[in-house]
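Colleague: Quick one: the structure is below, questions incoming.
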Amino acid sequence: KHEAVQQWLDLQFGLFIHFGLYSLPGGVWKGERITRGYSEQILSHGYLPQADYEALTEQFSLPEFNPKHIVTTAKQAGMRYLVITTKHHDGFCLFDTNTTDYKSTNAACKRDIVKDLSDECKKQGLAFGIYFSWIDWHFSEAAAISSHNSDPIPSSHQRLNIAQLTELLSNYGPMCELWMDMGAPTAEQSQEVYDLVQSLQPQCMVNGRIWNDKQDFLTMGDNQLPAVPLNCPWQTPASIYKETWGYRSWQVRGDRDEKIQELSDTARKVVQEGGNYLLNIGLMGTGAIQSFEQEVLEGIGTVLAKNPLKREQNKR
Ligand code: JFZ
C-alpha cells in the first residue's frame with residue numbers, strides 16, 4: 001500500500017462534513033435546546049420519538065444545498081480532500097441503497113448527496129472520502145435508541161454494513177479514505193471490512209476506528225495531536241467548537257479571527273508533525289454552510305495562501 005499511503009499523506013488537509021436529518025433540528029427540539037451530547041446525536045440525547053425523527057425526511061428538501069459552492073469553499077481553504085457522513089449513528093443514508101428506504105433519495109430532496117459531492121470533487125480535483133458508522137440505531141435488531149455507542153455488532157447488522165459499504169465503494173468512484181466510527185466490532189468483523197476495501201478500492205486508506213488494529217492510519221481524538229511521535233500515518237479530526245460536529249443553531253461561536261488563528265495553527269502543527277488534518281463543519285438543515293463556518297474557512301484559506309502548510313523534513 002506504499003503508493004496509496006504517500007498519496008494520502010500528500011492530501012494533508014481536508015474538509016469533514018457532518019450532515020443528516022439531525023441538521024434540521026440543529027440542537028433544538030420542540031423549542032427546547034438539547035444540551036446533552038453532540039447535536040448529530042439529538043435522537044438519542046434528546047430522547048426523541050423515533051417516528052418524529054424519521055418524519056424529518058419530509059422536511060429534508062435542501063433548498064440551499066450547493067455541492068459546487070461547498071467544494072469551491074474547501075478548495076479555497078487550502079483543502080485537498082472532503083469526507084462526508086454517508087451514514088451516521090441514526091442510520092439515515094445520504095446515498096441511494098437497496099438495503100433500506102431510510103435514505104436521502106427517498107426524502108423530500110430526492111437527491112443522492114454522496115453522488116452530488118463525489119461528482120463535484122472529481123470536477124474540481126479534490127479527493128473524496130466517506131464516514132460510515134459501525135452502529136445504526138435504525139437497524140431493526142438494534143435498540144431504537146442506544147444507551148451508548150460502543151455496542152457489539154450483531155451478525156445481521158454486520159451484513160447490512162457490508163452491503164451498504166459494498167454499494168458505497170462500488171458506485172461513487174475512487175475514494176481516498178474510509179472513516180469508520182464507533183461500535184465494538186470483533187477482529188473478524190474489522191477484518192471483513194478491511195478486506196472489502198482491499199478488494200474494491202485497494203488505494204482507499206482506512207482509519208483507526210475500523211478497530212482491532214486493522215487500520216491504515218490512526219485516528220486521534222478531537223483536535224488532538226499524538227503525545228509521542230508516531231511511525232505510522234495518522235489524522236487529527238477537528239470540530240470547530242469541540243462541543244458538536246453536527247449543526248447546532250445556538251452554538252456559542254466566539255471570535256471569528258481568533259478561531260481562524262487557532263485552527264490554522266493546529267493545521268500547521270499537525271501537518272508539520274506528519275499528520276493529516278480533517279476539519280469539520282456541520283451543514284445546516286437547508287444544506288447551506290453556516291455563515292461563521294464559511295468565514296472561518298475563508299479566513300484559513302487566506303492564512304494558508306500566505307504561508308502554506310509544510311511537513312518537517314524528517315517527518316513522513
Ligand atoms: C464520534 C461520533 O460519536 C460523533 O457523533 C462524531 O461523528 C465524531 C466525529 O465521532 O465521536 C467521537 C468518538 C471518539 C472521540 C471523539 C468523538 N475521541 O476518541 O476523542
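Colleague: Scan the stretch 235-283 for chymotrypsin sites (Phe, Trp or Tyr not before Pro) in coil per DSSP, keeping those whose Cβ has at most 15 other Cβ atoms within 10 Å, and list them by number.
Modeller: Taking the stretch 235-283 and a limit of 15 other Cβ atoms within 10 Å, the loop chymotrypsin sites (Phe, Trp or Tyr not before Pro) found are TRP250.
Colleague: Show me the chymotrypsin sites (Phe, Trp or Tyr not before Pro) within the stretch 2-66 that DSSP assigns to loop and that have at most 11 other Cβ atoms within 10 Å of their Cβ.
Modeller: TYR47
Colleague: Show me the GluC sites (Glu not before Pro) within the stretch 107-196 that DSSP assigns to loop and that have at most 13 other Cβ atoms within 10 Å of their Cβ.
Modeller: Listed in order of number, the matching sites are GLU141.
Colleague: Between the stretch 65-122 and the stretch 250-306, what is the C-alpha centre distance in whole Å?
Modeller: Cα centroid of the stretch 65-122 versus Cα centroid of the stretch 250-306: 20 Å apart.
Colleague: Another question about this same structure. Quick one: net charge of ASP119's neighbours, Cβ under 14 Å, K/R +1, D/E -1?
Modeller: +1
Colleague: Given axes a ≥ b ≥ c from the Cα gyration tensor, I'd like to know whether the stretch 158-226 is rounded (a/c under 1.5), prolate (a/b larger than b/c) or oblate.
Modeller: Judged from the Cα gyration tensor, the stretch 158-226 comes out oblate (a/c at least 1.5, b/c at or above a/b).
Colleague: Between SER249 and ALA55, what FRET efficiency comes out of the Förster formula 1/(1 + (r/R0)^6) with R0 = 25 Å and r the beta carbon distance, rounded to 0.05?
Modeller: 0.85
Colleague: Of LYS242, LYS122, LYS306, how do they rank once you tally other Cβ atoms within 10 Å and put the fewest first?
Modeller: Exposure proxy ranking, most exposed first: LYS306, LYS242, LYS122.
Colleague: Place +1 on the Cβ of every Lys and Arg and -1 on the Cβ of every Asp and Glu in the stretch 1-155, take the dipole about the Cα centre, and give the residue among THR100, PRO25, GLY78 whose Cα lies farthest towards its positive end.
Modeller: My answer, from the dipole projection, is GLY78.
Colleague: Continuing with the same structure: To the nearest 20 Debye, how big is the dipole of the stretch 109-235 about its Cα centre, given +1 on the beta carbon of each Lys and Arg and -1 on that of each Asp and Glu?
Modeller: Using Cβ point charges on Lys, Arg, Asp and Glu, the stretch 109-235 gives about 300 debye.
Colleague: Continuing with the same structure: What's the magnitude of the charge dipole for the stretch 1-138 around its Cα centre, counting Lys and Arg as +1 and Asp and Glu as -1 at the beta-carbon? Answer in Debye, nearest 20.
Modeller: Dipole size: approximately 380 debye.
Colleague: Return the single residue from MET220, MET79, MET175 with maximal mean-square fluctuation; model: Gaussian network over the chain, springs between Cα atoms under 10 Å.
Modeller: For the chain, modelled as a Gaussian network with Cα springs under 10 Å, the answer is MET220.
Colleague: When Lys and Arg each count +1 and Asp and Glu each count -1, what net charge do the other residues less than 14 Å away from ALA163, Cβ to Cβ, add up to?
Modeller: -1
Colleague: While we're here: Looking at the square roots a ≥ b ≥ c of the eigenvalues of the Cα gyration tensor of the stretch 100-208, which shape do they give, rounded for a/c under 1.5, prolate if a/b is larger than b/c, or oblate?
Modeller: Because a/c hits 1.5 or more and a/b fails to exceed b/c, the stretch 100-208 counts as oblate.
Colleague: For a paramagnetic label modelled at 7 Å from the Cα of ASP213 toward its Cβ, which residues of the stretch 172-200 fall within the zone defined by backbone nitrogen distances under 16 Å?
Modeller: Hits in the stretch 172-200 for ASP213 at 16 Å: 186-191.
Colleague: Can you give the extra length, in nm with one decimal, that the chain gains between GLU64 and GLN224 once fully stretched, where that is 0.36 nm per residue apart less the Cα-Cα distance?
Modeller: This chain segment gains 54.4 nm when fully extended.
Colleague: Taking the chain as a Gaussian network, where each spring joins two C-alpha atoms under 10 Å apart, which residue of LYS30, LYS115, LYS214 fluctuates the most?
Modeller: LYS30
Colleague: Return the distance in nm (one decimal) between the two label points of a simple spin-label model at ALA187 and THR72, each offset 7 Å from Cα along Cα→Cβ.
Modeller: The answer from the label model is 5.1 nm.
Colleague: Build a GNM of the chain with springs between Cα atoms under 10 Å: which of THR186, THR73, THR86 gets the top mean-square fluctuation?
Modeller: THR186
Colleague: Hey, another quick one. How many nm is it between the label spots at GLN294 and ARG36, if each spot is 7 Å from the Cα in line with the beta carbon?
Modeller: Placing both labels 7 Å along Cα→Cβ, they lie 3.5 nm apart.
Colleague: Also, quick follow-up: Determine the calculated [θ] at 222 nm for the chain from helices alone, applying -39500 (n - 2.57) to every DSSP H run no shorter than 4 residues and normalising by the residue count; nearest 500 deg cm²/dmol.
Modeller: -10000 deg cm²/dmol
We did not get these values from a lab; they are worked out from the coordinates using the rules stated. The shown structure was predicted, so the numbers you read here are calculated from the model rather than taken from an experiment. So basically every Cβ, Gly included, is an ideal-geometry build from the backbone, and we count neighbours across all protein chains shown.
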